[in-house]
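Have a look at the structure below, then the notes.
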Amino acid sequence: MNFDFPAILVAATFVTGAIWLADALFLAPRRRRRAAADGVTEVKEPAVVEYARSFFPVILAVLLLRSFLVEPFRIPSGSMMPTLLVGDFILVNKFAYGIRLPVLNEKVVDIGEPKRGDVVVFRFPRDPHVDYIKRVVGVPGDHVVYRNKTLIINDRKVAQIPVGTYIGKGSGLSMSGASVRREILGDVEHEILVVPRIKGVSADVVVPEGHYFVMGDNRDNSNDSRYWGFVPDENLVGKAFMIWMNWDSAAGGVAWDRIGTTIH
């Protein structure tokens with residue numbers, strides 16, 4: 001069962017705020033007048049109003065922070081290895097690609113657009129209730145070709161430098177033996193994993209306006225644009241920028257060396 005957390009936050013903010021406001025404007029003055037007429041000096045506030053007054057500012061702050069500034073996510077799979085590992089908890093910049101209204105996802109302020117190399121969180125086009133994270137490799141107008149483990153963008157081969165063999169641990173143990181390559185995608189240098197014995201899925205597309213072509217850094221183990229197509233701009237959630245925690249029980253718990261790592 002999928003819970004629409006933004007909708008729940010908006011509803012909770014509205015309900016608690018409405019109760020608090022209605023009491024402040026109408027019910028509280030009536031209670032005070034009645035108490036004064038009865039000679040009572042202390043007026044007890046109803047429990048529901050007390051809870052609404054206490055929770056409203058907290059819920060509102062969470063709503064504003066999560067909707068417009070920063071949202072936390074947890075990495076559930078190895079599709080972005082070695083950049084992101086199973087159990088990484090990341091922070092996502094919600095305003096990097098524009099400010100959107102919660103629930104409606106309508107962009108109200110246009111701030112920027114994804115660039116090649118950005119690691120982005122987005123709502124999966126085939127099921128918008130599910131969030132995905134991948135790397136942008138093609139922006140609107142790009143001719144993207146992926147063949148023989150290599151990206152070719154606008155007829156230019158994206159540089160790859162072999163850097164060794166991957167040694168996995170914990171939930172990523174199965175990727176041990178994969179080839180680690182440093183890919184230079186625009187201004188971004190990052191590492192990818194490829195498995196030479198796997199043929200891999202090719203692609204040859206032109207990215208339409210208002211859409212993006214995304215791929216996982218674990219190139220032979222990623223469900224990405226090669227399989228289901230482009231990411232519409234309206235599905236963008238934000239840009240991943242930092243790992244704030246890692247917990248992988250298969251690796252023994254917290255990986256302290258990953259805390260505070262910048263995502264690039």
> How about region 239-264: which of its residues are in contact with a helix residue (DSSP H, G or I) (Cβ under 9 Å, 6 or more places away or on another chain) and either assigned to a strand (DSSP E or B) or surrounded by 15 or more Cβ atoms within 10 Å (Cβ to Cβ) (or both)?
Replying inline: I243, M245, N246, D248, A251, A255
> Are there any strands (runs of 3 or more DSSP E) wholly within region 136-177 with 1 or more residues that are among the small types (G, A, S), and if so which?
Replying inline: 159-165
> Which residue pairs have Cβ atoms closer than 9 Å, lie 6 or more positions apart in sequence or on different chains, and pair a first residue in region 106-133 that is in contact (Cβ under 8 Å) with a residue 12 or more places away in the chain and at positive phi with a second residue that is loosely packed, with under 10 Cβ neighbours inside 10 Å and part of a loop (DSSP other than H, G, I, E, B)?
Replying inline: G117/D187
>> Give all pairs with beta carbons closer than 8 Å in which a residue from region 216-232 that is within 15 Å of R147 (Cα to Cα) and assigned by TED's automatic domain parsing to the domain that holds I133 meets a residue that is among the hydrophobic types (A, V, I, L, M, F, W, C) and at pLDDT below 95; count only pairs at least 6 apart in sequence or on separate chains.
In response: D220/I198; R226/V201; Y227/V201
> Which members of region 71-97 meet the condition of being assigned to a loop (DSSP other than H, G, I, E, B), surrounded by 17 or more Cβ atoms within 10 Å (Cβ to Cβ) and in contact with a Leu (Cβ under 8 Å, 6 or more places away or on another chain)?
Replying inline: I75, G78, M81, P82, K94, Y97
> So, of the residues in region 52-75 that are over 18 Å from N105 (Cα atoms) and free of Cβ contacts under 8 Å to residues at least 12 places away in the same chain, which turns out to be nearest to the chain's Cα centre (by Cα)?
Replying inline: A61
> Cβ-Cβ below 7 Å, separation at least six or inter-chain, first residue in region 33-48 and over 24 Å from T16 (Cα atoms), second in a loop (DSSP other than H, G, I, E, B) and at pLDDT below 80: which pairs?
Replying inline: A35/V43
> Here are some conditions: (1) at pLDDT 95 or above; (2) surrounded by 14 or more Cβ atoms within 10 Å (Cβ to Cβ); (3) in the same structural domain as V195 (by TED's automatic domain parsing). T16 meets all but one. Which one does it not meet?
Replying inline: (3)
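Is it fair to say V180 is more than 28 Å from N246 (Cα to Cα), in contact (Cβ under 8 Å) with a residue 24 or more places away in the chain and not in a loop (DSSP other than H, G, I, E, B)? Give the derivation first.
Details: more than 28 Å from N246 (Cα to Cα): no; in contact (Cβ under 8 Å) with a residue 24 or more places away in the chain: yes; not in a loop (DSSP other than H, G, I, E, B): yes.
So V180 does not fit the description; no.
Take N148 and tell me if it is out of contact with any Pro (no Cβ under 7 Å at 6 or more places or on another chain), within 30 Å of N218 (Cβ to Cβ), modelled with pLDDT under 95 and not β-branched (V, I, T).
Numbers: out of contact with any Pro (no Cβ under 7 Å at 6 or more places or on another chain): yes; within 30 Å of N218 (Cβ to Cβ): yes; modelled with pLDDT under 95: yes; not β-branched (V, I, T): yes.
In short, yes.
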>> Criterion first (surrounded by 14 or more Cβ atoms within 10 Å (Cβ to Cβ) and not polar (S, T, N, Q)) does I8 satisfy it?
In response: no
> Would a scan of region 35-45 turn up a residue that is among the aliphatic types (A, V, I, L, M), on the phi < 0 side of the Ramachandran plot and either outside any helix (DSSP H, G or I) or modelled with pLDDT of 85 or more (or both)?
Replying inline: yes
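The values are calculated or read from the model by the stated rules, or taken from the named source; none is laboratory data. Model, not experiment: these values are computed from the prediction. Cβ atoms come from the backbone with ideal geometry, glycine included; neighbour counts cover every protein chain shown.
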